[in-house]
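Read through the structure below, which is laid out as structure tokens, and then see the notes.
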Amino acid sequence: MPESGQSNYGSGTAPIRVEFPQVDAGGTKARLPVGDREHKPEQKKPHLRPVWIVLILLIPCLALTWYYSQTAVLSGDEKASFLPTTSYAVVLLLVNLDLIGLVVLTLLLSRNLIKAYFERRHRLVGAEFRTKLIAAFIGFSLIPTVLLAIVASGFLNKAVDVWFSEQIEHVMKDAFEVASLQHAGHIALAVNSARAIGRELYREDLLIPEQRDLLIAAIARKRMEYEVAGIEVYSNKMETLTRALDVSVPSSVLDLPISQLVLQVINGKQEFTSVQEAQSGRLIRAAIPVVSSAKLDELAGVVVVETYVSESLLTKMEGITRQYTEYTQIKEMKNPIKAGAYLVIAIVTVMILFSATWFGFYVARGITVPIRRLAEATEAVAQGNLMVHVDAKASDEIGTLIDSFNRMTQDLQGSKSKLEETNLTLQQTNVELDRRRAYIETVVATIAAGLLSIDRSGVISTYNPSGERILGLPENWLQGRAANEVFKKFGLDLFQTAYDRMLADGCNDLALEGQLEVQGKLITIRLNGSRMKDEANKDLGFVLVFEDLTELLKAQKVAAWQEVARRVAHEIKNPLTPIQLSAQRLRKKFFEKAPDLDRIFDEATNIIIDEVSSLKHMLDEFAKFARLPAPQLTRQPLHDVVRDVAALYQAAQKDIELVLDLNQDLPPLNFDREQLKQVFINLFDNAIQAMNQKGRLWVTMNYDTKRKRAVVTVADEGPGIAPEDQARLFIPYFTRKKTGTGLGLAIVRRIITDHGGQIQAGNNRPKGAVFTFDLPI
């Protein structure tokens, strides 16, 4: 017999072990369970008698189940075996399993009670407490359990009787008959309608070709009159004469094959019906032959009437049929169901009693043994041994306490090492963050472009040396100060405009270009603003990157004027050649005293006059482009300018169709009316010449509310823009036209730029060119 307090009570319990460290010969601490200092309880051989009892009861039950499943008659003949159907075999199997469970629970309950009785007789430690606890649980659970079993049995008997009452059976039977009559009614409707329509077709002789219109009207009327899904009429050669279909019926149902049915009627010369299933419902067709009025022994055609059973109605009909069949099958099992339910109540009663007994053992074991082990481990920790460990399996508060104690000792052991690892990780992280911060600061300090960042509160947080060089303002004048105050104080109007627009419009990116006065010198700045956001998409502020374009623009202007000078020289040289040739020809004819001198003189002087006029026109256009005045801005509607220019071209160009799409929500703009009119005239002239004076011209005007800009598009259906001409399109004196000066688009771009806008050119779809420019509101 085991020592006092060392026995394990109840089935399935696990020993609890308290381990303490032991120092071995090498100085290493090893973990030994406290229980090793005591004598281990003698292990008993498994008790197999309950298993044999269960097997002895199980084998006859399985044999009876096999017998009934083999001898039951599917036809319901109750004389062939004890039960009328094989369903009883399933019920019997369940009953047998219930009996097996009842026997097993009874044996386990008896075993626990007998074990508790003998432990009390031997006066084992805790046996008295366990006995009282078990008795209390059994007493508290016996009376309500028995009362509950009695009441449940009565309610169950009454409930089963209600389930299988005659009223419910009549309701189920009536529903089944209604579903059957519903299907038969659809068939009768199709057959009777087909017969009536066939008689009328025969009587009125509507199948002849001369009556085709009357046939179509009559069939459509009959479909509405009989309220069927469709009526189809076929000739004796299976040709479709007419069809009248209900549009509410799915086409997938009405398109089901019909040729086989029509062929059967033609060959058999009698009525036929068919039922076809589809995913969205059931289609019932009734086909009858129509005898020819001229020859009674020949068929003139076939009438097919279709009725439709919707998917929802079909599902309900099938559900009623299935439920009625299942109800009739279950009703035959009324008595076995009652017996099984009573047996379940009995098993539940025994389970409650067994649970009360087992719970008493479990609570007693969970209270006494774990607390004693935990007390020993707590004393060891109090003596300074942090390697102690309580090994126990418990899921209640005692188990939680033991787990907490083990976690506490483990945390105490690993706290120092974890602390050191955390410190090392933090040091490495700080080093990495410092390295990244230094790298970012180096990049910001060494980039050629100026950088200025503004946080969410509107304070300047970053300002790099390149910004100091471009703006001529030291870092301590801007860093840590309000952006609006700095921009206003130092006259940084371009920065103020970009900051205000990004705040007002809520845009993420913005690009501006303008001029600033820095240290008494006017410079051109290109500014790009971006909104900064974190991983959670929250605003962190704005970053403004700016460049000094003064020298670049100077170089571009020099290059542009060099190109203009080269093109002007080329354009001047072109008319000089025919002038020189004409003068030389005239001089030669004059000294030769040629008889056609008068004619040559007239031709030469005309050529010289024409070329001089062309040269003068070119120089006038260049002068006009060079001295283009500054725009006189007034706030006015842009629609009026477009309509005025369109009216001029609609009156002068009869073969040009102007399509205007003007957004009426566009507010008035600040612009020079005459210069904008010149923009539209130049764009219209280019488009009309590209289309050879004939075609359509689209003018579209929209309002970009996010950017606060008006967007205007002029598109044509000409040959479009060649890819190699795309980059040079707005360069002065660039043209592909034989009579053009190449200044029209350059003037357009100059005017749009002076108004604070941008213009772009591209190819229209499917053909033609499109010019798009925007202007600030």
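The values are calculated or read from the model by the stated rules, or taken from the named source; none is laboratory data. Since this is a predicted model, take the numbers as computed values, not measurements. We place every Cβ from the backbone using ideal geometry, glycine too, and count neighbours over all the protein chains shown. Areas reflect the complete protein model, heavy atoms only, side chains present, ligands, DNA and RNA absent. Shrake-Rupley method; radii C 1.70, N 1.55, O 1.52, S 1.80 Å.
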Number of the exception - Glu277 against (1) in contact (Cβ under 8 Å) with a residue 24 or more places away in the chain; (2) closer than 26 Å to Ala179 by Cα; (3) surrounded by fewer than 17 Cβ atoms within 10 Å (Cβ to Cβ)
(1)
Residues being among the acidic types (Asp, Glu), within 19 Å of Gln636 (Cα to Cα) and touching a residue at least 40 places away in the same chain (Cβ under 8 Å): count how many of those fall in segment 650-665.
1
Any chance Lys237 is open to solvent by 20 Å² or more (accessible area, probe 1.4 Å), among the basic types (Lys, Arg) and under 13 Å from Pro289 (Cβ atoms):
no
Looking only at segment 435-445, count how many residues are at pLDDT below 80 and over 24 Å from Leu494 (Cα atoms).
7
Does Leu206 meet the test of being of a type outside the set (Ser, Thr, Tyr) and either under 15 Å from Ala287 (Cα atoms) or in contact with a Cys (Cβ under 9 Å, 6 or more places away or on another chain) (or both)?
no
The number of residues in segment 197-225 that are within 12 Å of Val303 (Cβ to Cβ) and open to solvent by 100 Å² or more (accessible area, probe 1.4 Å) is 1
Only one of (1) modelled with pLDDT of 85 or more; (2) open to solvent by less than 50 Å² (accessible area, probe 1.4 Å) is not met by Gly740, so which one is it?
(1)
Of Ile752, Ile681, the only residue that is under 45 Å from the mean Cα position of the chain (by Cα), β-branched (Val, Ile, Thr) and closer than 29 Å to Gln562 by Cα is Ile752
Qualifying residue in segment 155-174 (condition: at pLDDT 75 or above, among the polar types (S, T, N, Q) and either open to solvent by less than 50 Å² (accessible area, probe 1.4 Å) or within 18 Å of Ile320 (Cβ to Cβ) (or both))
no
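Conditions (1) open to solvent by less than 90 Å² (accessible area, probe 1.4 Å); (2) in a helix (DSSP H, G or I), marked per residue:
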position: Leu412; (1), (2): yes, yes
position: Tyr439; (1), (2): no, yes
position: Ser453; (1), (2): yes, no
position: Ser461; (1), (2): yes, no
position: Glu485; (1), (2): no, yes
position: Lys488; (1), (2): no, yes
position: Ala498; (1), (2): yes, yes
So which residues in segment 226-264 are outside any loop (DSSP other than H, G, I, E, B), under 20 Å from Glu298 (Cα atoms) and hydrophobic (A, V, I, L, M, F, W, C), if there are any at all?
Val233, Leu241, Leu261, Val262, Leu263
Within the set of pairs 6+ apart or on separate chains, which have a first residue in segment 679-701 that is in a helix (DSSP H, G or I), a second that is buried (at least 20 other Cβ atoms within 10 Å of the Cβ) and among the aromatic types (Phe, Trp, Tyr), and C-beta atoms under 7 Å apart?
Leu683/Phe771
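Determine which member of the set Leu666, Leu662 is touching a helix residue (DSSP H, G or I) at 6+ places or on another chain (Cβ under 6 Å), surrounded by 15 or more Cβ atoms within 10 Å (Cβ to Cβ) and among the aliphatic types (A, V, I, L, M). Steps first, please.
Numbers: Leu666 fails: touching a helix residue (DSSP H, G or I) at 6+ places or on another chain (Cβ under 6 Å).
Result: Leu662 is the single residue among Leu666, Leu662 that is touching a helix residue (DSSP H, G or I) at 6+ places or on another chain (Cβ under 6 Å), surrounded by 15 or more Cβ atoms within 10 Å (Cβ to Cβ) and among the aliphatic types (A, V, I, L, M).
Go through segment 521-535 and count every residue that is open to solvent by 70 Å² or more (accessible area, probe 1.4 Å) and assigned to a loop (DSSP other than H, G, I, E, B).
Qualifying residue count, segment 521-535: 1.
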